[in-house]
1. Which members of the range A:127-158 meet the condition of being among the aliphatic types (A, V, I, L, M) and out of contact with any strand residue (DSSP E or B) (no Cβ under 8 Å at 6 or more places or on another chain)?
2. Tell me which helices (runs of 4 or more DSSP H) are completely within the range A:329-426 and hold 3 or more residues being more than 9 Å from chain B (Cβ to nearest Cβ), or say none if there are none.
3. Of the residues B:130, B:119, which is of a type in the set (Gly, Ala, Ser) and either within 16 Å of ligand 1 (Cβ to nearest atom) or under 23 Å from residue A:393 (Cα atoms) (or both)?
4. Do you know which residues across the range B:31-61 are buried (at least 21 other Cβ atoms within 10 Å of the Cβ), within 7 Å of ligand 1 (Cβ to nearest atom) and farther than 17 Å from residue B:2 by Cβ?
5. Residues being more than 14 Å from residue B:30 (Cα to Cα) and within 16 Å of ligand 2 (Cβ to nearest atom): count how many of those fall in the range B:172-202.
6. If we scan the range A:157-170, do we find a residue that is over 21 Å from residue A:58 (Cβ atoms) and of a type in the set (A, V, I, L, M, F, W, C)?
7. Please pick out the residue among B:84, B:64, B:101 that is touching a helix residue (DSSP H, G or I) at 6+ places or on another chain (Cβ under 8 Å) and within 16 Å of ligand 1 (Cβ to nearest atom).
8. Taking only the range A:179-202 into account, find how many residues are outside any strand (DSSP E or B) and either more than 20 Å from residue A:110 (Cα to Cα) or of a type in the set (Lys, Arg) (or both).
Amino acid sequence: MALPEQKQTATEARLSALSLPEGGCLMAARRAALSRVQTMGLPTRRDEYWKYTRPDTLVDAAVPTAEVFVSDEAPMFDEFDRLKIVFVDGVFDADASDDLTLEGVSVERLVELAAKDIHWATDLYGVLEARGQTPVERPLAALNSAFATDGVAIHVTGKPSKPISFIYKHLDANSDAILHHVVRVDAGAEATILENGPAAARFNHVMEIDIADTGTLHHVRAQGRDHERRAATHVFARLGTESVYKSFTLTVNGVLTRNDQVIEITGDDAVAHVAGACVGDGDFHHDDTVFITHDALNGESRQVFKKVLRNGATGVFQGKILVKEGAQKTDGYQISQSLLLDDDSQFLAKPELEIYADDVACSHGSTSGAIDEEALFYLRSRGVPVGEATDLLTLSFLAEAVEEIEDDAIADAIVNRLEGWMARRR
Amino acid sequence: MLEIKNLHVKLEEEEKQILKGVDLTVEAGKVHAIMGPNGAGKSTLSYVLSGRDGYEVTDGEAVLDGTDLLDAEPEERAAAGLFLAFQYPVEIPGVGNMTFLRTAMNAQRKARGEEELSAGDFLKLVREKAKSLKIDADMLKRPVNVGFSGGEKKRNEILQMAMLEPKMCILDETDSGLDVDAMKLVAEGVNALRDEGRGFLVITHYQRLLDHIKPDVVHIMADGRIVKTGGPELALEVENNGYADILAEVNA
Ligand SMILES: Nc1ncnc2c1ncn2[C@@H]1O[C@H](COP(=O)(O)OP(=O)(O)OP(=O)(O)O)[C@@H](O)[C@H]1O
Ligand SMILES: [Mg+2]
């Protein structure tokens, strides 16, 4: 079927500005991804899941400039003992990175991997992304699979003693980074992946995660404080029997962030929690689009997303729980809430449930509200100044999302950032 | 210590006058009680003194030890030593009771130019005060007032008062919803704080609380005014005869 003309033109313009990297064993996957993009076309405002977020600046061949932001704050997770993998404007920085050896995990760059033939990785690269194209198309992810210039393959075979930590630096006001990571967690293995930093003026990021039976992955992201940056990220995760995936994303500022998370529960008794907290003001635009599919017995999924919006900021949440036929005893929970600190800000939510099994417990709720004036007065009557009281209530609003982080030290670091954001705006 | 003169208050949103000239002075070291029929304006008085939104002062003044209360922000009034035990304590999901107490204490200390309390000292203090009010560790950990019973909420108000050691304490129907034993605990909590430098304004419907907290002065409030002032015997008269006689006498 031919694409609408506008879509066709935009897609061609973007594709002609890119060239397929030399792929080695990934070449077939890249070509297949390219043909997916050509068939689907890149997103436009008319597409069902792009109603609330304008995709044009994510699609245009030209990168919108984003001035490099200089912060006096120590970078996120700086105080943690971790395996550092550094990318600067989308390019691996070997000098700044640690030696990529750690017991219980192997980490290899895609360029090295392409030269060899590592089965699990070729079986994964572009595969979960392709599965995630139905029932909702995610062409920016297919574009990524085709053109990603860098990234790593992480194979978790045991229980590494420290988190694997991606640090994405942004030093070039016109950088356009396309990174693609694949992660495989073996049976019984467990790891934590951290990601932080703005990455580039424009960042297209895909992470494909395959968790084998009884594997566990904790995933915490902090998307940088650069306000002018743009990002479209996708996580595709597939969960085997009794496996666990828990993710949390913190977003502070950013003129455009679109985070897609596509989770497929394929084994019984698996647990998937995805949570996010974002704070922003002015032309901040933040979009969480989550799709969780239950295709096994006794699965548990939670989506907990909280947004604090001020001075005309926009928050979007599109979240779906799909329970397939036979996925009995599914326990699905979804909550999306915004705290609007003024009348100009807006929250657009599209919660969806689609259930084809009869013995399930699924709930979803979405709310938008202002600071609770009664609670604010109560705090002030006890001597807490209005600014501090507002911050305390804001943090309490975000608490349910932050509580999804299992590691207390990481949760504290996240809360610290949130407090910093609020204090700077008082 | 607390001087209220000719206080007139209407609702901000509508043309409804609630306080119609309240005159009241509470001296340091004294306990004053206010009784009066439902809707008389007792809670309104306490809210206006502590700075809640929604009211407009159309005339009069209220001064606490030289601080003009009506011009100050609620937090400044608290720092000046004013405390209101709410008739309906507010639930704050997501904020732990301990965090709440500690934030409040340190904010007030900061406002007065004092050092913050160390975590250890705070913990010791809060445990000691909580114990005497039979507030258990679990209640301290839970979010502020969330899921607390009516009586637990009231005891929690007194715990806050005991921690903050305000100069001027207003208690709005702290006795309602309390069982007999809890009432005693609360009264003991109040009595423990009684001293020469501190004033109390106790709003209540029942003589019973005043058996435990002996007031120096009793006021009757009706239709937005203090209509009668007397000694503790006035509370007994209300308990026995209701307000009809007093109001008839005032209106005569
Ligand atoms: N925000 C408000 N909106 C409308 N009416 C109000 C408001 N606040 C107070 N009032 C009215 O003002 C009057 C005084 O109320 P207030 O709560 O001060 O009475 P009270 O003496 O404390 O009564 P009670 O003994 O029942 O607690 C009542 O008629 C009440 O309905
Ligand atoms: Mg009242």
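The values are calculated or read from the model by the stated rules, or taken from the named source; none is laboratory data. Computed from a predicted structure; not experimentally measured. Note that we place each Cβ from the backbone using ideal geometry, even for glycine, and neighbour counts take in every protein chain shown.
1. A:130, A:142, A:146
2. In the range A:329-426, the matching helices (runs of 4 or more DSSP H) lie at A:386-402, A:408-424.
3. On the way: B:130 fails: either within 16 Å of ligand 1 (Cβ to nearest atom) or under 23 Å from residue A:393 (Cα atoms) (or both).
So the residue among B:130, B:119 that is of a type in the set (Gly, Ala, Ser) and either within 16 Å of ligand 1 (Cβ to nearest atom) or under 23 Å from residue A:393 (Cα atoms) (or both) is B:119.
4. B:36, B:40
5. Of the residues in the range B:172-202, the ones more than 14 Å from residue B:30 (Cα to Cα) are B:172-189.
Adding the requirement that they be within 16 Å of ligand 2 (Cβ to nearest atom) leaves B:172-178.
Within the range B:172-202, residues that are more than 14 Å from residue B:30 (Cα to Cα) and within 16 Å of ligand 2 (Cβ to nearest atom) number 7.
6. Yes, the range A:157-170 contains at least one residue that is over 21 Å from residue A:58 (Cβ atoms) and of a type in the set (A, V, I, L, M, F, W, C).
7. B:84
8. The total comes to 6.
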